[in-house]
1. Restricting segment 7-34 to residues that are open to solvent by 40 Å² or more (accessible area, probe 1.4 Å) and among the aliphatic types (A, V, I, L, M), which is modelled with the highest pLDDT?
2. Mind checking which residues of segment 35-52 are exposed (fewer than 14 other Cβ atoms within 10 Å of the Cβ) and touching a residue at least 12 places away in the same chain (Cβ under 8 Å)?
3. Does residue 4 satisfy being open to solvent by 40 Å² or more (accessible area, probe 1.4 Å), more than 27 Å from residue 121 (Cβ to Cβ) and of a type in the set (Ser, Thr, Tyr)?
4. Can residue 145 be described as among the hydroxyl-bearing types (Ser, Thr, Tyr), in a helix (DSSP H, G or I) and either touching a helix residue (DSSP H, G or I) at 6+ places or on another chain (Cβ under 8 Å) or modelled with pLDDT of 95 or more (or both)?
5. Is it the case that some residue within segment 127-141 is small (Gly, Ala, Ser) and within 30 Å of residue 69 (Cα to Cα)?
6. If you check 68, 64, 48, 58, which single one turns out to be out of contact with any Phe, Trp or Tyr (no Cβ under 8 Å at 6 or more places or on another chain) and either modelled with pLDDT under 90 or among the acidic types (Asp, Glu) (or both)?
Amino acid sequence: MKYYCKVCNSNVGANSKHCGECNKCVSDFDHHCQWLNTCVGERNYKLFFRTVVSTFLFVGVHFFVNLFLLIGYFVELDDGRLKQSVDDLYNENNNGNSINLAVITLVMIFCVVTGAALCLIVQLLLFHLSLQRQGITTYGYIVGYSAR
């Protein structure tokens, strides 16, 4: 069954919605993503979901590598070889201790920032997995949530 969009002045599908941000009708509208600056719908939802999964994997690997480096540096799990390697690498310079401290501080900051980002991305990933399991869109979820 075809519907008519008064804003677009065109025939659209039954599951289409007009996006005020993009000023176009989107088939199987999920949501307008402000980070990607586009609507997510039937044509690009799979790519959007793959982007979320890829971001989760990238940030997850970055977080766990930094965590491994911190644990390996402060807790001598490998008989102190990692700490000794880092110390040897940076002590070749005249001011090795200040560089060593700067590197460890930077790794700590990366660990905190990527840990926070990982929590947010996991939440987004779980939300979209839940929506897929329920067979609804983000827009459908928001409309249903507002109705309650």
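The values are calculated or read from the model by the stated rules, or taken from the named source; none is laboratory data. Fair warning: this is a prediction, and the values are worked out from it, not measured in the lab. Don't worry about glycine lacking a Cβ; one is built from the backbone with ideal geometry, like all the others, and counts go over all protein chains shown. Heads up: the accessible areas ignore ligands, DNA and RNA and are worked out on the full protein's heavy atoms, side chains in. Shrake-Rupley method; radii C 1.70, N 1.55, O 1.52, S 1.80 Å.
1. 7
2. Let us first name the residues in segment 35-52 that are exposed (fewer than 14 other Cβ atoms within 10 Å of the Cβ), namely 35-37, 43, 46-47, 50.
Hits for segment 35-52 are 36, 43.
3. Values: open to solvent by 40 Å² or more (accessible area, probe 1.4 Å): yes; more than 27 Å from residue 121 (Cβ to Cβ): yes; of a type in the set (Ser, Thr, Tyr): yes.
When the stated conditions are applied, residue 4 passes them.
4. no
5. Keep residues of segment 127-141 that are small (Gly, Ala, Ser), which gives 130, 135, 140.
Filter once more, so that each one left must be within 30 Å of residue 69 (Cα to Cα): none.
Within segment 127-141, not a single residue is small (Gly, Ala, Ser) and within 30 Å of residue 69 (Cα to Cα).
6. Working: 64 fails: either modelled with pLDDT under 90 or among the acidic types (Asp, Glu) (or both); 48 fails: either modelled with pLDDT under 90 or among the acidic types (Asp, Glu) (or both); 58 fails: either modelled with pLDDT under 90 or among the acidic types (Asp, Glu) (or both).
Going through 68, 64, 48, 58 in turn, just one is out of contact with any Phe, Trp or Tyr (no Cβ under 8 Å at 6 or more places or on another chain) and either modelled with pLDDT under 90 or among the acidic types (Asp, Glu) (or both): 68.
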